[in-house]
Ligand SMILES: [Zn+2]
Ligand SMILES: [Zn+2]
C-alpha cells in the first residue's frame with residue numbers, strides 16, 4: 001500500500017469518525033420545550049387563588065425559548081431544565097431567620113470612572129430579591145492571598161477566582177444569606193483556562209463575578225455615548241442571574257428569561273432582565289415576596305435609570321396581574 005493510499009484511508013477513517021461524532025451531537029441537540037412542557041414546568045396552578053394564578057400564567061408576555069444558534073449556550077450545553085416542582089423538592093438554600101441579608105462585596109478598584117454604581121447595583125438587587133441588600137466597603141485585591149497572572153491573549157492581569165472565593169469566605173458576615181464579590185478585574189479558574197466570567201460556591205454562599213468583559217474598553221473598542229447605561233444594565237443582569245443561582249435556581253430552558261445560560265456577550269445582551277413564570281415561581285417560593293410589589297420596585301428602578309424597554313414590559317405585566325376579570 002502506497003503512502004498516498006494510506007493517507008487517503010486515514011482521511012476516510014477520520015471522515016467516518018467525524019460523521020459519527022456529528023450524529024452523536026445531533027441526537028443530543030437541544031429541542032425547545034413544547035407549550036405543554038413549558039406549562040408543566042410552571043407547575044399546577046389549580047390550588048392557587050385567582051390572583052396568584054394570574055401571576056404565574058404566561059399570557060402573551062413571555063417568549064418561548066427558540067432553537068439555539070450555533071455557539072449559543074444550549075447548542076454547547078444541551079441542558080434538561082429544572083421545573084418548579086424539581087426546584088421545590090431540591091432542598092436548595094433558603095433565607096432563614098439568621099441568614100437574612102444579601103451582600104455585595106466590591107473587590108479592587110471600583111471608581112466611578114471604571115465600574116457601575118455600587119449604590120445602583122445594591123438598589124437593583126434589593127428590588128429584585130425583595131431582601132435587604134448591603135454593599136460592603138471595597139477590599140483591595142493586590143494581596144498575597146490572591147494569585148494573579150497576565151493573560152497571554154489579552155495581556156491583562158487576571159485573578160485566580162478560587163483564591164477570591166477563599167478570601168470572601170473568611171469575611172462572610174454572620175447574617176449573610178450570600179456574598180457576591182464583584183470586580184472590574186478579569187478572572188481565571190485555573191491555568192488551563194483563558195478566562196471565566198464568575199465562579200460561585202453555592203453551599204458556602206459566596207460567589208465572585210467580573211464585569212471586566214462587559215466594558216467595550218476591555219476589547220479596545222470605543223465605549224460609545226451610552227456606555228455607562230450599558231455597563232449598568234449588563235452588571236445588573238449578571239448580578240441577579242448569579243445571585244439567583246445562590247437560591248438554587250438552575251438555568252432556564254423554557255422561556256426567554258434572565259436565568260438562560262449564556263455563552264457570549266451577544267447572548268447575554270439578548271436575555272431579558274426579568275424572570276419567566278417558572279423561575280419567578282421558584283424565587284417567590286424561596287423568598288416569599290409579593291409579586292406585584294417585586295414588579296413595582298423594579299419598575300421604579302428601571303424608570304429612574306432609563307431602562308425604558310424593561311420598564312414598559314413590567315408596566316404591561318403589572319396590568320395583566322392586577323386585572324380582576
Ligand atoms: Zn448561570
Ligand atoms: Zn426562566
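The values are calculated or read from the model by the stated rules, or taken from the named source; none is laboratory data. Quick caveat, the model's predicted, so the values are computed rather than measured. Neighbour counts run over all protein chains shown; Cβ positions are idealised from the backbone, glycine included.
Being free of Cβ contacts under 8 Å to residues at least 40 places away in the same chain and more than 16 Å from ligand 2 (Cβ to nearest atom) is a condition met by at least one residue of the range 266-282.
In the set (1) buried (at least 22 other Cβ atoms within 10 Å of the Cβ); (2) free of Cβ contacts under 8 Å to residues at least 24 places away in the same chain; (3) more than 13 Å from ligand 2 (Cβ to nearest atom), residue 259 fails one condition alone, (3).
For the condition over 30 Å from residue 136 (Cβ atoms) and surrounded by fewer than 14 Cβ atoms within 10 Å (Cβ to Cβ), what is the one hit in 113, 57, 63? Give the derivation first.
On the way: 113 fails: over 30 Å from residue 136 (Cβ atoms); 57 fails: surrounded by fewer than 14 Cβ atoms within 10 Å (Cβ to Cβ).
Of 113, 57, 63, the one residue that is over 30 Å from residue 136 (Cβ atoms) and surrounded by fewer than 14 Cβ atoms within 10 Å (Cβ to Cβ) is 63.
Would you say residue 221 is within 12 Å of ligand 1 (Cβ to nearest atom) and surrounded by fewer than 21 Cβ atoms within 10 Å (Cβ to Cβ)? Walk me through how you get there before you give the answer.
On the way: within 12 Å of ligand 1 (Cβ to nearest atom): no; surrounded by fewer than 21 Cβ atoms within 10 Å (Cβ to Cβ): yes.
No; evaluated as a whole, the condition is false for this residue.
If we only count helices (runs of 4 or more DSSP H) wholly inside the range 28-128, which ones have 3 or more residues that are more than 18 Å from the chain's Cα centre (by Cα)? Walk me through how you get there before you give the answer.
Details: elements: 35-42, 50-56, 73-76, 84-88.
Output list reads 35-42, 50-56, 84-88.
Taking the criterion of being farther than 17 Å from residue 288 by Cβ and free of Cβ contacts under 8 Å to residues at least 60 places away in the same chain, the residues of the range 84-117 that qualify are 85, 86, 89, 111, 112, 113.
Against the list (1) more than 16 Å from ligand 1 (Cβ to nearest atom); (2) farther than 24 Å from residue 270 by Cα, the condition residue 231 fails is (2). Restricting attention to the range 199-211, the residues that are closer than 18 Å to residue 154 by Cβ, more than 12 Å from ligand 1 (Cβ to nearest atom) and at pLDDT 90 or above add up to 1. Against the criterion of being touching a residue at least 24 places away in the same chain (Cβ under 8 Å) and either away from ligand 2 (no atom under 13 Å from the Cβ) or surrounded by fewer than 19 Cβ atoms within 10 Å (Cβ to Cβ) (or both), residue 244 does not qualify.
Residues in the range 241-256 that are in contact with a helix residue (DSSP H, G or I) (Cβ under 6 Å, 6 or more places away or on another chain) and either more than 11 Å from ligand 1 (Cβ to nearest atom) or within 17 Å of residue 75 (Cβ to Cβ) (or both): 247, 252, 254.
Would you mention how many residues in the range 139-186 are assigned to a loop (DSSP other than H, G, I, E, B), in contact with a helix residue (DSSP H, G or I) (Cβ under 8 Å, 6 or more places away or on another chain) and under 30 Å from residue 274 (Cβ atoms)? Looking only at that region, the number is 2.
Only a single criterion out of (1) farther than 17 Å from residue 168 by Cα; (2) away from ligand 1 (no atom under 14 Å from the Cβ); (3) surrounded by fewer than 21 Cβ atoms within 10 Å (Cβ to Cβ) is not satisfied by residue 196, namely (2).
Summed over the range 260-277, residues that are farther than 24 Å from residue 215 by Cα and within 15 Å of ligand 1 (Cβ to nearest atom) total 2.
Please indicate, with yes or no, whether at least one residue in the range 202-214 is surrounded by fewer than 16 Cβ atoms within 10 Å (Cβ to Cβ) and either more than 16 Å from the chain's Cα centre (by Cα) or farther than 22 Å from residue 85 by Cβ (or both).
We begin by selecting, within the range 202-214, every residue surrounded by fewer than 16 Cβ atoms within 10 Å (Cβ to Cβ); these are 202-204.
Still in the list and also either more than 16 Å from the chain's Cα centre (by Cα) or farther than 22 Å from residue 85 by Cβ (or both): 203-204.
Checking the range 202-214: at least one residue is surrounded by fewer than 16 Cβ atoms within 10 Å (Cβ to Cβ) and either more than 16 Å from the chain's Cα centre (by Cα) or farther than 22 Å from residue 85 by Cβ (or both).
Return yes when residue 316 is assigned to a helix (DSSP H, G or I), over 20 Å from the mean Cα position of the chain (by Cα) and in contact (Cβ under 8 Å) with a residue 40 or more places away in the chain and no when it is not. Break it down stepwise before answering.
Values: assigned to a helix (DSSP H, G or I): yes; over 20 Å from the mean Cα position of the chain (by Cα): yes; in contact (Cβ under 8 Å) with a residue 40 or more places away in the chain: yes.
Here the answer is yes, as residue 316 does meet what is asked.
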